[in-house]
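Novice: First the structure, which I've put down as structure tokens, then a few questions once you've had a look.
The values are calculated or read from the model by the stated rules, or taken from the named source; none is laboratory data. Being a predicted model, the structure only gives us computed values, none of them experimental. Neighbour counts are summed over all protein chains in view; Cβ atoms, including those assigned to glycine, are modelled from backbone coordinates with ideal geometry. Keep in mind that these areas ignore ligands, DNA and RNA; they rest on the heavy atoms of the full protein, side chains included. Shrake-Rupley method; radii C 1.70, N 1.55, O 1.52, S 1.80 Å.
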Amino acid sequence: MDMVRNLMILTLLGMFILGNANAQDPQFSQFYNAPLYLNPAYTGTGPKAHHRFVANYRNQWPAISTAFRTAAFSYDYYHRKLNSGFGLMVTQDVAGTANLKATNVGLLYSYKIHLANKWVITPGIHFSYSMRSIDYNKLVFGDQFELGRDELYPTTDLIDTYGKGYIDFGSGLLIYNKSVWVGLSAYHMNKPNHSLIDGSDQLPVKYSIHAGYRVPLYYGPKGMKKMSSLAPSFIYKKQGQFDQLDLGLHFQYDPIMAGFWYRGIPVTQDIPDRVNQDALTFLFGLRFDEIQVGYSYDIT
């Protein structure tokens with residue numbers, strides 16, 4: 001019975017705590033405000049000053065204090081003489097009462113190929129090192145409730161107290177001009193083993209395709225730098241057996257910006273098990289010459 005119980009505990013850990021082959025990466029609703037997280041080809045596509053700092057924070061289900069919290073920081077720089085972008089990105093995701101934590105530190109590089117009519121093709125790559133850990137002291141096991149036993153944590157000898165690390169690799173491609181952009185990206189191309197126990201748990205490749213078009217609404221007087229615009233765009237992502245579509249509009253009237261997005265898969269409603277009406281996202285923000293701040297809220 002003890003063996004059966006411990007096997008059941010291990011199974012639950014694998015399914016609900018440690019993750020399995022169906023694991024998904026954390027995501028940001030404002031994906032266009034996390035450019036390096038979306039596609040390494042965005043490295044070096046910042047403003048004219050060529051330096052860009054980005055900080056993102058997501059709190060999913062804030063009423064639950066131990067739900068999903070994700071933070072990301074990135075810096076990238078464009079070197080004009082080398083036609084190259086160089087970047088650094090750090091992300092951390094924490095979930096659950098046992099603080100299942102994933103920390104990633106990555107280096108990014110892109111190269112710009114300038115074509116006619118101001119079109120640019122940019123391939124990019126991303127190399128990173130990730131560390132996953134869990135505070136097993138905050139986990140409760142079945143035999144803790146049995147009196148007269150000395151063993152309190154029968155399964156923790158299988159969990160690495162200091163976490164497990166792995167190398168990761170991704171790449172991307174971006175084609176754009178002043179008004180149009182189309183991108184492709186693939187992360188976890190080497191399918192790293194991110195299991196916290198002695199076993200194999202490969203992280204599936206995350207693919208994405210994203211595109212948009214910026215429509216000027218008013219050019220204003222000659223020489224006027226500020227103008228309003230409307231930018232419809234989308235991103236489609238697939239990782240393992242999961243896929244997702246984000247579709248919406250982004251309105252800009254300096255310095256005010258606003259957006260409305262739909263997230264889900266509406267085209268599979270004929271298959272009940274695959275219906276994914278996830279959320280509506282509303283965005284409001286301010287954009288100035290050298291700084292941009294945005295806040296979004298998802299209605300699930």
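Novice: Quick one: length gained pulling residue 65 to residue 291 fully straight, 0.36 nm per residue minus the C-alpha distance?
Specialist: Separation in residues times 0.36 nm, less the Cα-Cα distance, equals 78.3 nm.
Novice: Which value, in Å² and to the nearest 10, is the accessible area of residue 86 when all protein chains are kept and the probe is 1.4 Å?
Specialist: 80 Å²
Novice: Under the 0.36 nm per residue contour assumption, what length would be gained going from the current alpha-carbon distance of residue 127 and residue 197 to full extension?
Specialist: 22.8 nm
Novice: Tell me, what is the 1.4 Å probe accessible area of residue 257, in Å² to the nearest 10?
Specialist: Using a 1.4 Å probe on the heavy atoms, I get roughly 0 Å².
Novice: Among 80, 263, 287, what's the order by accessible area (1.4 angstrom probe), most exposed first?
Specialist: 80, 287, 263
Novice: Each label point is 7 Å from the Cα along the Cα-to-Cβ direction; what then is the distance between the points at residue 88 and residue 115, in nm?
Specialist: Going from the residue 88 label point to the residue 115 one covers 3.4 nm.
Novice: Now for a separate question. Keeping all protein chains in position, work out how much accessible area residue 45 exposes to a 1.4 Å probe, and write it in Å² to the nearest 10.
Specialist: 40 Å²
Novice: Sorted by accessible area (1.4 Å probe), largest first, how do 234, 73, 284 line up?
Specialist: 284, 73, 234
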